[in-house]
Structure formats: structure tokens, C-alpha cells
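Participant: Pasting a structure below so you can have a look.
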Amino acid sequence: MLDSYPPIPISPLAFSGMTFRLRYPKILTDILASELFDAAITERLERLKENLDSLIILRIHQGRPFWDDFYHAHEGKSILELPFFDAEVYLFAYILYLVDYERLGVDPFGKIKATDLHKHRAALAPCLKATQNWQSTDYLLQSLQGNKSDLSQLKSAEELNLKLLLDDRQHLIHDFEAATHVDIILDNAGMELFSDLLLVNHLVDHYGHIVKLHLKAAPIFVSDVIYEDIGHLLDTLLENGAGTFAQSLQTKIDKQQIILQFHPFWTSPTHYDQLPDGLITPHALLLAKGDANYRRFFQDRMIPSTQPSAALCSYLTHPTYCIRTLKSDIQTGLAQEQVTALNQTAPDWKVNGNHAVIQMLH
């Protein structure tokens with residue numbers, strides 16, 4: 001059924017075009033400003049920034065099965081000819097190729113992430129104190145709020161001013177009560193990861209869940225969580241009055257109540273209808289954070305916003321929910337009246353970051 005809809009392209013006047021015209025040159029500028037690399041690598045990055053719109057797809061991966069279909073379809077093309085999602089994933093892989101990440105192991109976005117976490121470090125201990133009387137619904141909303149919240153002033157579920165277009169929290173909490181295992185596909189590092197770990201800690205303590213966290217095997221989309229980001233956050237908690245929470249998390253990791261797993265699938269352009277067998281825990285409840293993960297459930301296609309998600313995601317074999325702030329041109333499952341009103345009052349509602357969903361997909 002997904003094949004009935006065309007992939008979202010890179011269009012000059014659309015969000016996708018703005019991303020390649022403005023956002024990615026800015027990201028490359030930020031990498032260069034971090035001064036992490038020698039003159040030769042710096043020159044490669046500068047050349048990429050100057051010639052981004054004419055980048056040609058080269059086979060930079062060998063022996064990576066999750067990239068085979070991509071190269072079969074796109075090798076030799078200009079990056080702007082590709083579907084939007086494919087182009088984005090390749091660009092970040094190409095940046096890692098230019099900085100020789102596999103050999104040197106230097107995260108080109110590491111300083112950007114560290115600066116953001118350092119800026120918010122004073123909020124960590126007050127945040128934890130504010131959660132003492134929270135319920136599951138509060139932790140879910142804070143996980144949603146994530147990088148949008150002023151985390152120094154956490155609020156309860158009733159106080160948060162979120163424009164929730166879909167709110168399947170009660171279904172999700174019901175499924176929490178029935179589950180023994182929860183798999184979470186993480187999104188961003190830093191303070192969003194902190195919000196997610198508040199939820200994870202609650203799931204283990206309150207429901208007795210075993211929680212598997214799916215991380216990226218290498219940096220992508222600037223701030224997606226890699227293994228090192230977990231350690232950096234735990235160290236920051238220890239150094240900023242939140243050591244008890246950090247130690248609780250570390251104990252749960254040591255006891256395998258929280259399992260950290262990274263796999264090359266997550267940084268590939270392959271979509272979630274081709275999830276490898278066994279990657280998600282059998283019979284687990286699956287929770288996906290953020291925008292890029294949502295796009296991969298639907299192959300990042302031009303789907304009407306009123307199209308129900310269940311038929312599109314019939315390939316899923318787990319109860320599956322998405323928690324996301326809308327930042328791209330895809331959303332499913334809305335009523336026609338919602339879409340009409342949104343188009344009239346906020347034509348950029350899909351990408352302006354002011355709307356969100358807690359959505360049951362399957």
C-alpha cells in the first residue's frame with residue numbers, strides 16, 4: 001500500500017529544499033567551527049559545503065547490505081535528484097566518510113552536542129526534584145516535549161501547553177500495564193535523552209519492564225544518540241547534583257534491566273518495513289521517538305494526512321507507538337476537519353515544530 005504514494009522529493013520551495021539550501025550548510029559551518037579535524041579533513045568539509053547541491057552519489061560503503069538497494073537505485077546521481085530521506089541519510093554518511101570516522105572515531109557533532117548539554121546542566125537536579133509526584137502520563141508528555149521544554153521549569157501533564165493532534169496516551173499506558181518488555185528507538189542526545197531516561201527509569205521502577213534502547217551505531221542527523229552520548233549524560237548528571245539518578249540508571253544497565261543496543265540498520269536508508277528479524281525484542285511494545293523514525297515507518301512518502309496508519313503499517317508485528325514533534329512533511333491518522341483547520345490557520349503546521357502526536361501506529 002505504501003507504494004501507492006510517491007516518495008517526498010527535494011523541492012526548491014518546500015521544507016526539503018530549504019533543508020538543503022539553508023540548514024545543511026549551517027550544520028557544516030558548525031562542524032567547521034568546532035575545529036575537531038586537521039587541515040586535510042577541514043578542506044574536504046569546506047569543499048562539500050561549497051558544492052553541496054552538486055554532490056554525486058558514490059559507493060562509500062562496502063559489505064553493507066542495508067545500503068545495497070540505495071546504491072542500486074541512486075549511484076551516480078546528483079544528491080538533489082534523490083528522495084528527501086535518502087539524500088539526507090547519504091549526506092550524513094558522506095560527512096562521516098570525509099572525516100574518516102571509522103578509523104579516527106571522532107564524532108563531528110560531538111562538540112555541538114556537548115555545548116548544548118553543558119548549557120542546560122544546571123537544570124538537571126531541579127528537573128529530577130520536580131518529577132517526584134509524576135505519573136506515567138507526565139513522563140510521556142515530558143518525553144514528547146523533550147528538546148522543546150524549558151527543562152528548568154518542568155510542568156505536569158495538565159500544565160503543559162502542547163498542541164497535540166493525536167493523543168493515544170491512555171492506549172499506551174494500557175499497553176505498558178500488559179507489557180513485560182519495551183523497546184525504544186531513541187532520537188536526540190542531550191536534554192531530550194535526559195527526558196527519555198526519566199521515562200525509562202519510571203518504566204523499570206513502576207512496571208518492572210525490561211527496556212531495550214536502540215541507539216545509532218554512528219553519528220547521524222547531528223544529535224541522534226550514539227553510545228558515547230549515554231556516558232556523557234551520566235557523567236554530567238554525576239557532576240551536577242543528580243548522581244543518585246545516574247547511579248540508578250547505571251545499576252539498571254549493569255543488571256540488564258536497561259539494555260543498550262546499536263545496529264547498522266538504524267543509520268541506513270532502509271525503511272522500517274524491512275526491519276531485520278530479531279532486532280526488536282519478541283513480543284515487546286515498540287516506542288519510537290522523533291521525526292526521522294516516524295518518516296521511516298511510512299517510507300517518507302507523500303501520504304494524505306487523513307490516511308489511517310494501521311493499514312500502512314500492517315507489516316508491524318509489535319504494538320507500536322510514536323512520540324514526535326512534527327518537523328517534516330508527513331503525518332497520518334488525522335480527521336479531515338483537523339487538516340482543514342490546520343491548513344487555514346497554520347499552513348506550515350507539519351514543519352513549524354508547534355504540533356505533536358502520541359500516536360498508536362499498530
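Participant: Could you list, in sequence order, the residues of the stretch 95-112 that are closer than 30 Å to Phe15 by Cβ and open to solvent by 30 Å² or more (accessible area, probe 1.4 Å)?
Facilitator: Listed by number, the residues that qualify are Tyr97, Tyr101, Lys111, Ile112.
Participant: Determine whether Thr115 is open to solvent by less than 20 Å² (accessible area, probe 1.4 Å) and hydroxyl-bearing (Ser, Thr, Tyr).
Facilitator: Working: open to solvent by less than 20 Å² (accessible area, probe 1.4 Å): no; hydroxyl-bearing (Ser, Thr, Tyr): yes.
Against the criterion (open to solvent by less than 20 Å² (accessible area, probe 1.4 Å) and hydroxyl-bearing (Ser, Thr, Tyr)), Thr115 does not qualify.
Participant: Let me ask something else about it. Which count do you get for residues in the stretch 246-289 that are over 25 Å from His171 (Cβ atoms) and touching a strand residue (DSSP E or B) at 6+ places or on another chain (Cβ under 8 Å)?
Facilitator: Of the residues in the stretch 246-289, 11 are over 25 Å from His171 (Cβ atoms) and touching a strand residue (DSSP E or B) at 6+ places or on another chain (Cβ under 8 Å).
Participant: Restricting the stretch 329-349 to residues that are under 20 Å from Ala310 (Cα atoms) and part of a loop (DSSP other than H, G, I, E, B), which is farthest from the chain's Cα centre (by Cα)?
Facilitator: Ala335
Participant: Evaluate the following for Ala246: is it in a helix (DSSP H, G or I), modelled with pLDDT under 95 and either on the phi < 0 side of the Ramachandran plot or buried (at least 18 other Cβ atoms within 10 Å of the Cβ) (or both)?
Facilitator: Details: in a helix (DSSP H, G or I): yes; modelled with pLDDT under 95: no; either on the phi < 0 side of the Ramachandran plot or buried (at least 18 other Cβ atoms within 10 Å of the Cβ) (or both): yes.
Criteria not met by Ala246.
Participant: Arg59 - would you say it is in contact (Cβ under 8 Å) with a residue 60 or more places away in the chain and closer than 25 Å to Trp266 by Cβ?
Facilitator: no
Participant: Restricting attention to the stretch 1-17, and to residues there that are assigned to a loop (DSSP other than H, G, I, E, B) and without any contact (Cβ under 8 Å) to a residue 40 or more places away in the chain, which single residue is surrounded by the fewest Cβ atoms within 10 Å (Cβ to Cβ)?
Facilitator: Leu13
Participant: Does the stretch 180-197 include one or more residues that are closer than 23 Å to Thr281 by Cβ, of a type in the set (S, T, N, Q) and open to solvent by 30 Å² or more (accessible area, probe 1.4 Å)?
Facilitator: yes
The values are calculated or read from the model by the stated rules, or taken from the named source; none is laboratory data. What you are looking at is a predicted structure, and each value in this text was computed from that prediction instead of being measured. Cβ: placed from backbone, ideal geometry, glycine included. Neighbour counts: every protein chain shown. Just so you know, the surface numbers come from the protein's heavy atoms only, side chains and all, with ligands and any DNA or RNA stripped out. Shrake-Rupley method; radii C 1.70, N 1.55, O 1.52, S 1.80 Å.
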